[in-house]
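To start, the structure itself, in structure tokens.
The values are calculated or read from the model by the stated rules, or taken from the named source; none is laboratory data. Since the model is a prediction, treat every value here as computed from it, not as a measurement. Counting neighbours? That spans all protein chains shown, and the Cβs are built from the backbone with ideal geometry, glycine included.
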Amino acid sequence: MIKVLIADDHSIVRSGLKSLLGMYPEMEILGEATNGQEAVEMATNLKPTLVLLDIGMPELNGLEALKRIQVASPDTKVLILSQYDLEEYLFVVLRNGALGYVLKETASDELVQAIRTVAEGKIYLSPTMTQALVTEFLSIDPASTKGKNNLTAREEEVLKLLAEGCTSRQIADKLYISVKTAQSHRYNIMEKLDLHNRAELVKYAIRKGIISEQD
């Protein structure tokens, strides 16, 4: 049996997934989580084969939930089911232990195949995400980031949190600094590295190893 935990804050999505997976006798729905914190707690207690995990959830985002699930239930596989076809998210979730990334627009039969593949411990990516991965790999110029990392230790901490999707308020809370200071660090980071948005920050953090597989 493939024991599945569904983690998504939209009831319509959860209901649709339950109906779909209920058609397959080898799949059992262990429960539904409506936010990231619930997903971590239920994965810890229920030890599912696989968690279908959304990225954008309240209380605890999917990226942080993913990392905590990896620690609390290391045998549980995680398949990201997201509306975001951004390669930046793809790289972060793969580095943090997810074995698959599929889009919510994915056809039903493809989603079922993704669940079966990830449950076996293999990687599954939607074709769109596979293309993004290949394109990004081919475009990387190792020399392009050499000599650019003149960030302070605090700025690297802020960069890491930004790349993980934290807001200025969350960064301030985690580092015990003011929101204004967190925003100032973000501005300085982007100025020093000549980056212009969060997507570029994420790419830089991954290439420089600031976000690592152990995070």
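Would you confirm whether or not the range 154-167 contains a residue that is modelled with pLDDT under 75, in the same structural domain as TYR84 (by TED's automatic domain parsing) and either on the phi < 0 side of the Ramachandran plot or exposed (fewer than 13 other Cβ atoms within 10 Å of the Cβ) (or both)? Scanning the range 154-167, I find no residue that is modelled with pLDDT under 75, in the same structural domain as TYR84 (by TED's automatic domain parsing) and either on the phi < 0 side of the Ramachandran plot or exposed (fewer than 13 other Cβ atoms within 10 Å of the Cβ) (or both), so the answer is no. The set of residues from the range 93-119 being part of a helix (DSSP H, G or I) and basic (Lys, Arg) comprises ARG95, ARG116.
Looking only at helices (runs of 4 or more DSSP H) that fall completely inside the range 1-92, which ones have 3 or more residues that are buried (at least 17 other Cβ atoms within 10 Å of the Cβ) and more than 12 Å from the chain's Cα centre (by Cα)?
Working: elements: 11-21, 36-46, 62-72.
In the range 1-92, 11-21, 36-46 are the helices (runs of 4 or more DSSP H) which contain 3 or more residues that are buried (at least 17 other Cβ atoms within 10 Å of the Cβ) and more than 12 Å from the chain's Cα centre (by Cα).
Would you pick out the residues in the range 1-16 that are more than 13 Å from ALA119 (Cβ to Cβ) and touching a helix residue (DSSP H, G or I) at 6+ places or on another chain (Cβ under 8 Å)? Of everything in the range 1-16, those that are more than 13 Å from ALA119 (Cβ to Cβ) and touching a helix residue (DSSP H, G or I) at 6+ places or on another chain (Cβ under 8 Å) turn out to be ILE6, ALA7, ASP8.
List every residue pair whose Cβ atoms lie under 9 Å apart, where the two residues are 6 or more positions apart in sequence or sit on different chains, the first residue falls within the range 186-215 and is of a type in the set (S, T, N, Q), and the second residue, located anywhere, is modelled with pLDDT of 70 or more and surrounded by 14 or more Cβ atoms within 10 Å (Cβ to Cβ). Cβ pairs passing all conditions: ASN188/LEU151; ASN188/GLU155; ASN188/VAL158; ASN197/MET190; SER212/ARG95.
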